[in-house]
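Structure, as structure tokens:
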Amino acid sequence: MIHGVLIDLEGVLYVGGYPLPGAREALLSLRAAGIPVRFVTNSSRTTRGAIIDRLARMGLDVSIEHLFTPVVAARNYLAERKLTPHLLVHSNIRGEFADLLGSPPGAVLLGDAGSAFDYEALNQCFRLLLDGMPLLAMGSNRYFRDDGELSLDIGPFVAALEYAAELEAVVLGKPASDFFLAAVDSLELPPQDVIMIGDDAEMDVRGALAAGLRGVLVRTGKYRSGDEAKVEPHGGRVFDDLDAAVDYIL
Ligand SMILES: [Mg+2]
């Protein structure tokens, strides 16, 4: 039995500022059936508040404590270890770390910085990593769909720094098990009773399966033909969209 659901945002609930057909109704059906939902995104370009506002403008009603983002995970990770971050993040989220900044930094924190990923900024991070600082990455996604085209996400930049500095980043987002399990804990359910629905075969579905959850891939958003082969051999299911996935759950 499935008693709780985790849902990715971009590519599952909406694309490019518009809700996907049936998405709102699917959320209402879950609510009517009494199945609790948490939302898990790897977006590190905006704050949780901005994400909630954006969803509200699309008629998607999500409360802030039900939204799990790598920004929150990174804040918790830094605070628990009393680490001051060197930031290479989008300007939209710098303020989220203002109270944790200090000198000297104790960790390099990478977000999806967009056009701020320039040679000088990456070199600064590289040199700090050579000095022995850990690399914290708010996700490791390869690409995302942006205005109809696929664009580089944070993952290729994390990989470049890992390669150059010969280390492995700590990922504070999907597909890290801890990230899924934080959302599952808030449902007070065992992982095997919770299903993750996403459009990214690796980050969403394979990540959830590895954490002991069930996983569903939807053929919307960044889905590409052939992605079935990345999830079905591992026990993941595939449906056309959120509506069809929710029909299966109910
Ligand atoms: Mg997605």
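Nearest 5 is fine: what % of DSSP beta bridges in region 70-171 come out antiparallel, could you say?
If I count the DSSP bridges inside region 70-171, around 30 percent turn out antiparallel.
For the chain, what does the relative contact order come out to in percent, with C-alpha contacts under 8 Å and a separation of six or more?
That works out to 21 percent.
D112's amide H: which non-local residues (gap 5+, or another chain) put their own amide H closer than 5 Å, with H modeled 1.01 Å from N in plane and none for Pro or chain starts?
Those lying under 5 Å, H to H, from D112 are S44, H90.
What is the angle, in °, between the Cα long axis of helix 155-165 and the longest principal axis of the Cα atoms in the chain? Nearest 10 is fine, range 0 to 90.
Taking Cα atoms only, the helix is inclined about 30 degrees.
Select from D99, D146, D227 the residue whose mean-square fluctuation is largest in a Gaussian network model of the chain (Cα-Cα springs shorter than 10 Å).
Comparing D99, D146, D227 in a Gaussian network model of the chain, the most mobile one is D99.
Could you please report the charge total around H3, scoring K, R as +1 and D, E as -1 over all other residues with beta-carbon less than 15 angstrom from its beta-carbon?
Spelling it out: positives minus negatives among the neighbours equals 0.
Per residue of region 52-61, what does 6.51 cos²θ - 1.76 cosθ + 1.60 with θ = phi - 60° give for ³J(HN,Hα)? Whole Hz please, x for Gly and Pro, Karplus curve as stated.
Working through the residues one at a time gives 4, 4, 5, 4, 4, 5, 8, x, 9, 9 Hz.
Report ³J(HN,Hα) in whole Hz for each residue of region 68-76, in order, from the Karplus equation J = 6.51 cos²θ - 1.76 cosθ + 1.60 where θ = phi - 60°; Gly and Pro get x.
Residue by residue, region 68-76 yields 10, 10, x, 5, 5, 4, 5, 4, 4 Hz.
Rank the residues V170, V62 as a footprinting-exposure proxy: fewest other Cβ atoms within 10 Å of their Cβ go first.
Ascending number of Cβ neighbours within 10 Å: V170, V62.
Using θ = phi - 60° and the Karplus curve 6.51 cos²θ - 1.76 cosθ + 1.60, what whole-Hz ³J(HN,Hα) does each residue of region 196-204 get, with Gly and Pro shown as x?
Calculated HN-Hα couplings, in order: 9, 10, x, 9, 10, 4, 7, 5, 7 Hz.
Could you tell me how many cubic angstrom of Cα convex hull volume the chain has per residue?
123
Under the rule of at least 5 residues apart or a separate chain, name every residue whose amide H is placed under 5 Å from the amide H of V238.
So V238 has HN proximity to L217.
What is the local net charge at Y248, summed over the other residues whose Cβ is closer than 12 Å to its Cβ (Lys, Arg +1; Asp, Glu -1)?
-2
FRET efficiency for A56 and A33, Cβ-Cβ distance as r, R0 = 22 Å, nearest 0.05?
After rounding to 0.05, the efficiency reads 0.45.
Where the Cα atoms of region 70-171 are projected onto their three principal axes, how long is each span, largest first, in whole Å?
40, 28, 21
Using amide H atoms built 1.01 Å from N in the peptide plane, name the residues 5+ places from I7, or on other chains, whose amide H lies under 5 Å from its own.
The answer is R38, F39, V40, I197.
So if a site counts as exposed when it's one of the GluC sites (Glu not before Pro), its DSSP state isn't H, G, I, E or B, and it has at most 10 other Cβ atoms within 10 Å, what's the longest stretch of the chain without one?
Looking at the chain, 1-165 is the longest stretch - no exposed GluC sites (Glu not before Pro) with at most 10 other Cβ atoms within 10 Å.
Tally Lys and Arg at +1 and Asp and Glu at -1 over the other residues with C-beta under 11 Å from the C-beta of L150: what net charge comes out?
Neighbourhood net charge equals 0.
Across 10 Å bins from 0, what is the distribution of all Cα-Cα pair distances for region 107-250, in whole percents?
Percent of Cα pairs in each bin: 11, 35, 31, 18, 4, 0.
Please tell me the relative contact order of region 70-171 in percent, rounded to the nearest whole number, where contacts are Cα pairs under 8 Å and at least six residues apart.
24
Can you say what percent of the DSSP beta bridges in the chain, counting only those with both residues inside, are antiparallel? Round to 5.
Expressed as a percentage, antiparallel bridges in the chain total about 20.
Work out the P(r) tail for region 1-100: percent of alpha carbon pairs separated by more than 20 Å, whole number.
44
For n ≥ 4 DSSP H runs only, could you compute -39500 (n - 2.57) per run for the chain, divide by its residues and tell me the 222 nm figure to the nearest 500?
It comes out at -9500 deg cm²/dmol, rounded to the nearest 500.
Once you've got the GNM for the chain with C-alpha springs shorter than 10 Å, pick whichever of H86, H66, H234 has the biggest mean-square fluctuation.
H234
What aspartates and glutamates could a cross-link reach from K230, if we take a straight Cα to Cα line under 15 Å and drop same-chain neighbours fewer than 8 places away?
D199, D200, E202, D204
Computed from the coordinates by the stated procedures, all read-outs in this text should not be read as laboratory data. Note that the coordinates shown come from a computational prediction; the quantities given were computed from them, not determined experimentally. Note that each Cβ is placed from the backbone with ideal geometry, even for glycine, and that neighbours are counted across all protein chains shown.
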